[in-house]
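The values are calculated or read from the model by the stated rules, or taken from the named source; none is laboratory data. Quantities reported herein were computed from a predicted structural model and do not represent experimental measurements. As a convention, Cβ positions derive from the backbone with ideal geometry for all residues, glycine included, and neighbour counts pool all protein chains shown. Areas reflect the complete protein model, heavy atoms only, side chains present, ligands, DNA and RNA absent. Shrake-Rupley method; radii C 1.70, N 1.55, O 1.52, S 1.80 Å.
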Amino acid sequence: MIINFFLSLWNAYASGQNMVFLENYKGKFKEFFMIANSFGLLLAFSGVAYTTIFFISYIASLVGYINVNTLNVIASYNLLVFGGLITVSGLVIAVESILIAYLKRNFFSIFIALYNVIASIWNLYAYISSFETARNIISSNNDDRDSGKIVLILIISVLIAFFITYNFYNLGKKKAKELLTQ
């Protein structure tokens, strides 16, 4: 989770940088690269939200604010919503990396494209494999007493994730603008 959190921060930063560079890009596939960069930002936000929800709900469980069943429900919603966004965004990024490999035709870009394709296939498999279990956990939860706590944890986590992602995205844009003016 910690690695995912920091990778998501990097994705937000890189999306900010890429947006500035793409505004000046005049090559092939520009429109798709702009769309893919938006999915990169969505991937960053989803990753930050996914990990933030995990950490906050886990801490809430440790201090006794929620019980283990509620933690499982939150984890299931987290998987279904943000896991799904991560999976879809990853597929778009994989297509983007294939296009970049096609344009550049060097070892590094081909390696990145292969990695992204393999990672996307794995993520899709993992998401599909765990979908039914997560859905069953949610549907078997009959305890409405904790629904307010679930909503509160999700809202706080998503707001924190939004502000973190937004700031890293803007840091990336700022750095790219500095690089272009040098």
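In a Debye calculation with equal point scatterers on the alpha-carbon sites of the chain and no solvent, what is log10 I(q)/I(0) at q = 0.12, 0.15 Å⁻¹?
Each listed q maps to, in turn, -0.64, -0.90.
Residue by residue through the range 117-122, what is 3J(HN,Hα) from phi via Karplus (6.51 cos²θ - 1.76 cosθ + 1.60, θ = phi - 60°)? Round to whole Hz and write x for glycine and proline.
Calculated HN-Hα couplings, in order: 5, 5, 4, 5, 5, 4 Hz.
Calculate the length of the line joining the C-alpha centroid of the range 39-83 to that of the range 114-142, in whole Å.
Using only Cα atoms to place each centre, the spacing works out to 15 Å.
Taking the Cβ-Cβ separation of LEU171 and LEU99 as r and a Förster radius of 22 Å, what is the calculated FRET efficiency to the nearest 0.05?
0.25
Grab the Cα-Cα distance for TYR65 and ILE155, subtract it from 0.36 nm times how many residues apart they are, and report the gain in nm with one decimal.
30.8 nm is the gain from fully extending TYR65 to ILE155.
Based on alpha-carbon positions alone, could you give the equivalent ellipsoid semi-axes of the range 120-182 from the gyration tensor, as √(5λ), descending, whole Å?
One finds semi-axes of 38, 21, 4 Å for the range 120-182.
Go through the range 97-113 residue by residue and turn each phi into a ³J(HN,Hα) via Karplus (6.51, -1.76, 1.60, θ = phi - 60°); whole Hz please, and just put x for glycine and proline.
Whole-Hz 3J(HN,Hα) from phi for the range 97-113: 5, 5, 5, 5, 4, 4, 6, 7, 6, 10, 4, 4, 5, 5, 4, 4, 4.
If r is the Cβ-Cβ distance from ASN106 to SER129 and R0 is 35 Å, what FRET efficiency results, to the nearest 0.05?
Computed FRET efficiency for ASN106 and SER129 comes out at 0.50.
So, with a 1.4 angstrom probe, what is the percent of accessible area on the range 114-158 that is carbon and sulfur?
67
I want to check the label-to-label distance for MET1 and ALA119. Put each point 7 Å from Cα in the C-beta direction and report it in nm to one decimal.
Spacing of the two 7 Å Cα→Cβ label points: 2.0 nm.
Tell me, what is the percent relative contact order of the range 20-123, built from C-alpha pairs under 8 Å that lie six or more residues apart?
On the way: 72 pairs, mean separation 29.1, N = 104.
After rounding, I find 28 percent.
Given Cα positions, please report Rg to Rh for the range 74-182, the hydrodynamic radius being the Kirkwood one. Let's see the in-between values first.
Working: Rg = 19.0 Å, Rh = 17.0 Å.
Radius of gyration relative to Kirkwood radius: 1.12.
For the range 14-28, what does the Karplus curve 6.51 cos²θ - 1.76 cosθ + 1.60, with θ = phi - 60°, yield as ³J(HN,Hα) per residue in whole Hz, taken in order and with x for Gly and Pro?
Each residue's phi maps through the Karplus curve to give 5, 5, x, 4, 4, 4, 5, 5, 5, 4, 9, 6, 10, x, 5 Hz.
In this model, which of LYS104/LYS175; LYS28/LYS177; LYS28/LYS104 are farther than 18 Å apart at the alpha-carbon?
Over 18 Å Cα-Cα: LYS104/LYS175; LYS28/LYS177.
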